[in-house]
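Undergrad: Dropping the structure in here first, questions after.
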Amino acid sequence: MNSPMLNHGLRCFWLALMGSLGAAISVSAQTGAVSPVHDPTVIQTDSGFYLYSTGTGIPSFHSTNLYDWQASGRVFTQIPAWIFQELPAFKGGHLWAPDISYHNGLYLLYYCASIFGKNDSCIALAVNKSLDPASPAYRWEDRGLILKSRRGQDNWNAIDPQGITDESGRRWLVFGSYWSGIQMTALNPDTGKPLRQPPELIHLASRKDSTAIEAPFIVRQGGFYYLFVSFDQCCKGIESTYHLLVGRSPAITGPYVDFTGKPMLQGGATLVLDSYGSVHGPGHNSVVQSSGRHWLVHHFYDGNNQGARTLQIRPLYWLRNGWPVAGEPIEGPLTPLPAKPATSVAGIWDFSVNFAPAQRLELQPQGKALAETKPGSWSLNGNWLTLRWPDAAAPQGAWVDECVLAPNGQYFVGRNQSGVVIRATVSARRAK
């Protein structure tokens, strides 16, 4: 399933099938209207959080705490007529991969329509002064076509958009799915449309062994822009191989590189989230900032619910080396951070490397560690946990896992010096 046509067709088939389920499904982590949700984007306003998703008319959802969600209508009651003119083969159905942002007093919703299995695709823009349906200012205005790709003419695909403002106040559109990968173009800050016609494209990321890269989302943090992407196949339920990766650059236009320094234009990308347990094919993320923290918003296919496409939200932690790691799904409404961090992690943990099946990890008092039969050591400084595993084959003679301990003390996540993801959840705490 490495061809754009096959992936695109199966994607649409699965979305149509799951959309017919209709009713919200409660799962662990978020509650309420969390399934079916696909390609989620979230923004915080004075009246709470609003989420938009792929689906008929672009479904919207509301929450006051990122945890409990309720359906709040749709952006469109019918497909805009211009789409059928631009894409004569478009048969209606879902509008894809919305992105919500705020600029110059307006909420900007970029969305897309496409011909199944083709790169005959359109990115469009709708705007609103308010996202609260109860507000007298609430009214979606469709501003129509922003960018179009054409089969046989373009080697890129105009779907999966994100509108973003850089540190200088310039507006950009990043987008792309399969074909040549991830692209970017400058936007007119007043109209939200490309700054120049024809648009000048900047190539940000691609793969050498596959065309299966899509769903870009850029976040600025600590002097870098981080480009999140999804690799491989979505929309196959529990058989989905989607997973989430990242690279970074000091400039929004790139070049982006992964943890090892490999350019994203040469297939480089560093793993953030992969399938594990009942979480299958996590991907197509956005990031929202609230209460001074970042939250990773994505969909996955729920192995406990027949592969239903489902919303999941996790804290996004930034390690001391600047690279992001994904925490475990939130299990309740947002609460203030504890006044004091944990002072000990002694106990038994389920320990995983790069989302492989967990092994037993014992963190003993006085800083000794034992992973199965391998001895090591640990140290805790505030919420920063360091694990050290002597190994003659490792750089400087040891593998060093630099991790962050979750505020509730129930898990930690991090990376070693090669960028490999380290995760552990508490199994049993040692008595003091």
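The values are calculated or read from the model by the stated rules, or taken from the named source; none is laboratory data. All figures in this text were calculated on a predicted structure; none of them were measured in a lab. Heads up, the Cβs are rebuilt from the backbone with ideal geometry, glycines too, and the neighbour counts pull from every protein chain shown. Protein only, heavy atoms only, side chains kept; ligands, DNA and RNA dropped before computing areas. Shrake-Rupley method; radii C 1.70, N 1.55, O 1.52, S 1.80 Å.
Undergrad: Given a 10 angstrom Cα cut-off, can you work out which residue in ASP120, ASP391, ASP232 is the most mobile in a GNM of the chain?
TA: Fluctuation is largest for ASP391.
Undergrad: Sticking with the crude label model, points 7 Å out along Cα→Cβ, report the distance from ASP209 to ASN104 in nm, one decimal please.
TA: 4.4
Undergrad: Can you tell me what percent of all Cα-Cα pairs in the range 149-270 are more than 21 Å apart? Present the calculation step by step, with values, prior to reporting the outcome.
TA: Working: 2706 of 7381 pairs.
Beyond 21 Å sits 37 percent of the P(r) for the range 149-270.
Undergrad: Then there is this: Put +1 on the Cβ of every Lys and Arg and -1 on every Asp and Glu Cβ in the chain; which of LEU244, VAL127, LEU385 then has its Cα farthest towards the positive end of the dipole?
TA: Comparing the listed Cα positions along the dipole, LEU385 ranks first.
Undergrad: Taking the Cα centre of the chain as the origin, how large is its charge dipole in debye, to the nearest 20, when only Lys and Arg (+1) and Asp and Glu (-1) carry charge on their Cβ atoms?
TA: Working: 34 positive and 30 negative charges, 79 e Å.
Roughly 380 debye for the chain.
Undergrad: Sticking with this structure for a sec: Pull out a ≥ b ≥ c, the square roots of the eigenvalues of the alpha-carbon gyration tensor of the range 127-177, then state rounded if a/c is under 1.5, prolate if not and a/b is larger than b/c, and oblate in the remaining case. Don't jump to the answer; show the numbers that get you there.
TA: Details: a/c = 3.31, a/b = 1.68, b/c = 1.97.
In terms of gyration-tensor shape, oblate.
Undergrad: Two decimals is fine: what's Rg over Rh for the chain, C-alpha atoms, Kirkwood radius as Rh?
TA: Values: Rg = 21.7 Å, Rh = 22.3 Å.
Radius of gyration over Kirkwood radius for the chain works out to 0.97.
Undergrad: Same structure, new question: Just going by the charge dipole of the chain, with Lys and Arg at +1 and Asp and Glu at -1 on Cβ, which of GLN221, VAL288, HIS103 is farthest out on the positive end?
TA: Farthest towards the positive end: GLN221.
Undergrad: If the viscosity is 1.306 mPa s and the temperature 10 °C, what Stokes-Einstein diffusion coefficient in µm²/s follows for the range 172-215 when Rh is the Kirkwood radius over Cα pairs?
TA: Values: Rh = 11.1 Å.
Translational D for this selection: 144 µm²/s.
Undergrad: Which aspartates and glutamates does LYS236 reach when only Cα atoms under 20 Å apart count, and residues fewer than 8 places away in its own chain are ignored?
TA: ASP39, ASP160, GLU214, ASP274, ASP302
Undergrad: Could you give the accessible area per residue of the range 127-227, probe 1.4 Å, as a whole number in Å²? Write down the numbers at each step before the final one.
TA: Numbers: 4370 Å² over 101 residues.
Spelled out: the 1.4 Å probe surface of the range 127-227, per residue, equals 43 Å².
Undergrad: Next question, about the same structure. Picking from ALA158, SER177, GLY192, whose Cα lies most toward the positive end of the charge dipole for the range 123-258 (charges on Cβ: Lys, Arg +1; Asp, Glu -1)?
TA: Positive-most Cα among the choices belongs to GLY192.
Undergrad: Now a separate question. Using a Gaussian network for the chain with springs between C-alpha atoms less than 10 Å apart, which of these wobbles most: THR191, THR270, THR54?
TA: Highest fluctuation among the options: THR191.
Undergrad: Using 0.36 nm per residue, how much length does the chain from SER418 to LYS368 gain when fully extended, once their Cα-Cα distance is taken away? Provide the component values of the computation, followed by the final result.
TA: On the way: separation 50, 0.36 × 50 = 18.00 nm, distance 2.28 nm.
Difference between extended and current length: 15.7 nm.
Undergrad: Over the chain, what is the relative contact order in whole percent, taking alpha-carbon pairs under 8 Å and six or more residues apart? Intermediate results must be reported in sequence, preceding the final value.
TA: Values: 1145 pairs, mean separation 46.8, N = 432.
Dividing the mean separation by the residue count of the chain yields 11 percent.
Undergrad: A further question on this structure: If the only charges are +1 at each Lys and Arg Cβ and -1 at each Asp and Glu Cβ, what is the size of the charge dipole of the range 338-420 around the Cα centre, to the nearest 20 debye? Walk me through the intermediate numbers first.
TA: On the way: 6 positive and 6 negative charges, 30 e Å.
Computed charge dipole of the range 338-420: roughly 140 debye.
Undergrad: Show which aspartates and glutamates lie in cross-link reach of LYS118 when reach means a straight Cα distance below 12 angstrom and same-chain residues fewer than eight apart are skipped.
TA: ASP154
Undergrad: Rounding to the nearest 20 debye, state how big the charge dipole of the range 200-337 is about its Cα centre with +1 on each Lys and Arg Cβ and -1 on each Asp and Glu Cβ.
TA: On the way: 10 positive and 10 negative charges, 71 e Å.
The dipole magnitude comes to about 340 debye.
Undergrad: Anything over 21 Å Cα to Cα? Flag those among LYS148/LYS193; LYS193/LYS262; LYS91/LYS129; LYS340/LYS368; LYS208/LYS262, in the order listed.
TA: Numbers: LYS148/LYS193 12 Å; LYS193/LYS262 32 Å; LYS91/LYS129 30 Å; LYS340/LYS368 23 Å; LYS208/LYS262 12 Å.
Exceeds cut-off: LYS193/LYS262; LYS91/LYS129; LYS340/LYS368.
Undergrad: With no solvent and one point on each alpha carbon, what is the Debye value of log10 I(q)/I(0) for the range 367-411 at q = 0.23 Å⁻¹?
TA: So the normalised log intensities work out to -0.83.
Undergrad: Another question, then. Post the alpha-carbon centroid distance, the range 28-54 to the range 282-335, in whole angstrom.
TA: The range 28-54 and the range 282-335 have Cα centres separated by 12 Å.
Undergrad: Using a 10 angstrom cutoff on alpha carbons, build the Gaussian network for the chain and name the most mobile of TRP172, TRP318, TRP399.
TA: Result: TRP399 has the largest fluctuation of those listed.
Undergrad: With a bin width of 10 angstrom, please list the P(r) values of the range 54-106 as percents of all Cα-Cα pairs, from the 0 bin to the one holding the largest distance.
TA: Taking every Cα pair in the range 54-106, the percentages come to 20, 41, 29, 10, 0.
Undergrad: Once you sort the root eigenvalues of the Cα gyration tensor of the range 321-432 as a ≥ b ≥ c, which label holds: rounded (a/c under 1.5), prolate (a/b larger than b/c) or oblate (the other case)? Show your work: numbers first, answer last.
TA: Working: a/c = 1.64, a/b = 1.34, b/c = 1.22.
Verdict is prolate for the range 321-432.
Undergrad: Oh, and also: For the chain, with all protein chains present and a 1.4 Å probe, just round the carbon and sulfur fraction of the accessible area to a whole percent. Don't skip to the answer; put the middle values down first.
TA: Numbers: 9010 of 17500 Å².
C and S fraction of accessible area: 52 percent.
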